[in-house]
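Structure, as structure tokens:
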Amino acid sequence: MLLVHYGPMLQGIYMGFLDLRLETLRLYLSAPFVGFTNFQEILFDPSSTFRTGFVHAVRTTLLYALAVNTLTLSLGLLMAHVLNRPLVVRGLLRTLFLLPWVVPSYVVGLLWGFMWLKNGVINTLLVEILRLLPEKPHWLIGPLTFVAIVLPTVWRSWPFVMVTYLAALQSIPQELYEAARVDGATPWQRFRFITWPCLRPVTAILLLYGLLGTLYSFNIVYMMFGHGAGYPGEWGDLLMTNLFRNTFGMWNFGLGAAASTLYMLLTLTLILLWYRAFHEDLKAR
């Protein structure tokens, strides 16, 4: 752990205090020490182009994580309940539903990038076939970009949640439900007092997995907007794509390291909030 994790992490934090850019790249860790200048530019300098994009990316990433995880957990739980019934084609449906999860994320971004084009299959379906919209919108420009990055992520993520929930549902003793039915419990009461308490530990792990996946999401957005050559705009730029573009595209590794350190602190804060919400469910019983 010291060799492959903590050592590089501490080195990355230290780089945030250096003036490490193209002109000083040969010096590497011997580049001029500038203290908290990089952090001040990101947090407080209104003239910094890095700061403007970073603030927008933080907002979009948090909303993205909230939307994706809410939809993924809800859809996964719903479909797990559907497949938990004695269906003849349950095995076939489970296999078909798992296919999106098998597709690599960069392929998902590439395919959905074509699908979201103004004359792509989605607009054709919504406007020309179903006639749900009066005209074809630009999904990859403006606020609709947020929808364009959320839906592909949900589409790829929910099968894993479904399978995990399905395994958890099948492990709940049926005697609990039979006793509840005898006592006259309604379906909602059985879900609230039996199913949900039993699923909370699984939900905690799925939420942690989903938070880390969305907070560090990169491939789908990167591939959807011109393999990184295109700019996803204010409502499509996530922190990972923003950091990649500003750090490696602008050759400003000191600012990039400082921004990564700030993002790590933000992520740790969210993880602490997660642990505070679910620590009782994670205790061994």
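Here the scattering of segment 189-230 is modelled by Debye summation over its C-alpha atoms, one equal scatterer each and no solvent; at q = 0.26, 0.28 Å⁻¹ the log10 of I(q)/I(0) is -0.83, -0.87. Using the Stokes-Einstein relation with a Kirkwood hydrodynamic radius computed over Cα pairs, the translational diffusion coefficient of segment 150-218 at 25 °C and a viscosity of 0.890 mPa s comes to 179 µm²/s. From its DSSP helices (H runs of at least four residues, each -39,500 (n - 2.57)), the chain gives a residue-normalised ellipticity at 222 nm of -20000 deg cm²/dmol. Take each peptide in 208-215, 20-27, 147-154, count the other Cβ atoms within 10 Å of every residue, and average; sorted highest first, the result is 147-154, 208-215, 20-27. 3J(HN,Hα) along segment 174-179, derived from phi through the Karplus expression 6.51 cos²θ - 1.76 cosθ + 1.60 where θ = phi - 60°, amounts to 5, 4, 5, 5, 5, 5 Hz, with x in place of Gly and Pro. What base-10 log of the normalised intensity I(q)/I(0) is obtained for segment 77-188 from the Debye formula, alpha carbons as equal point scatterers, at q = 0.21 Å⁻¹? Debye output, listed in q order: -1.12. Helix 196-215 against the longest principal axis of the chain: what's the angle in degrees, Cα atoms only, rounded to the nearest 10? In the chain, helix 196-215 runs at an angle near 30 degrees to the longest axis. Electrostatic tally near T241: other residues with Cβ closer than 15 Å to its Cβ, Lys and Arg +1, Asp and Glu -1, net 0.
Highest mean packing first, where packing is the average number of other Cβ atoms within 10 Å per residue, the peptides 241-247, 97-103 line up as 241-247, 97-103.
Sorted largest first by accessible area at a 1.4 angstrom probe radius, with every protein chain in place, the residues S48, S157 fall in the order S157, S48. If the Kirkwood radius is taken over C-alpha pairs of segment 21-120, then at 4 °C and 1.567 mPa s the Stokes-Einstein diffusion coefficient equals 69 µm²/s.
Of the residues P32, P201, P232, the one that moves most in a GNM of the chain with alpha-carbon contacts below 10 Å is P32.
A Gaussian network model of the chain, with springs between Cα atoms under 10 Å, assigns the largest mean-square fluctuation among F160, F225, F114 to F114. Just report the Cα centroid separation between segment 211-245 and segment 79-106, whole Å. One Cα centre to the other: 28 Å. Couplings 3J(HN,Hα) for segment 26-38, derived from phi with the Karplus relation 6.51 cos²θ - 1.76 cosθ + 1.60 (θ = phi - 60°), are 5, 6, 6, 6, 9, 4, x, 7, 10, x, 8, 4, 4 Hz, where x marks Gly and Pro. Solvent-accessible surface (1.4 Å probe) assigned to M250 amounts to roughly 130 Å². Here the extension length gained between F114 and H279 equals 55.2 nm, from 0.36 nm per residue of separation less the Cα-Cα distance. With coordinates expressed along the principal axes, the C-alpha atoms belonging to the chain extend over 74, 55, 31 Å, beginning with the largest. Rolling a 1.4 Å probe over the protein chains gives E41 an accessible area of about 50 Å².
The amide H of L18, built 1.01 Å from its N in the peptide plane, has V34 as neighbours under 5 Å, considering only residues 5 or more places off or on other chains.
Across segment 140-274, the relative contact order, built from alpha-carbon pairs under 8 Å that are at least six residues apart, equals 31 percent.
Subtracting the Cα-Cα distance of L132 and L78 from their residue separation scaled by 0.36 nm leaves 16.9 nm.
The residues W196, W139, sorted by heavy-atom accessible surface at 1.4 Å with ligands and nucleic acids left out, run W196, W139 from largest to smallest.
Dividing the radius of gyration of the alpha carbons in segment 230-285 by their Kirkwood radius gives 1.21 for Rg/Rh. Label-to-label distance for S30 and R85 is 7.1 nm, based on points extended 7 Å past Cα in the beta-carbon direction. Protein heavy-atom accessible surface, 1.4 Å probe, per residue over the chain: 57 Å². Computed over the chain with a Gaussian network model linking Cα atoms closer than 10 Å, the most mobile of W158, W274, W235 is W274. Evaluate the Debye formula for segment 101-165 with equal point scatterers sitting on the alpha carbons, no solvent, and hand back log10 of I(q)/I(0) at q = 0.17, 0.18, 0.20, 0.27 Å⁻¹, in q order, two decimals. Values returned for q = 0.17, 0.18, 0.20, 0.27 Å⁻¹ are -0.65, -0.71, -0.83, -1.13. The C-alpha atoms of the chain define a longest principal axis, and helix 105-115 lies at about 90 degrees to it.
Divide the volume of the convex hull around the Cα atoms of segment 1-58 by the residue count and you get 111 Å³ per residue.
The values are calculated or read from the model by the stated rules, or taken from the named source; none is laboratory data. Just so we're clear, the structure is a prediction, and the values are computed from it rather than from any experiment. Positions of Cβ are generated from backbone atoms using ideal geometry, with glycine treated the same way; all protein chains shown enter the neighbour counts. To get the accessible areas, we keep the full protein, side chains included, count just its heavy atoms, and leave off ligands, DNA and RNA. Shrake-Rupley method; radii C 1.70, N 1.55, O 1.52, S 1.80 Å.
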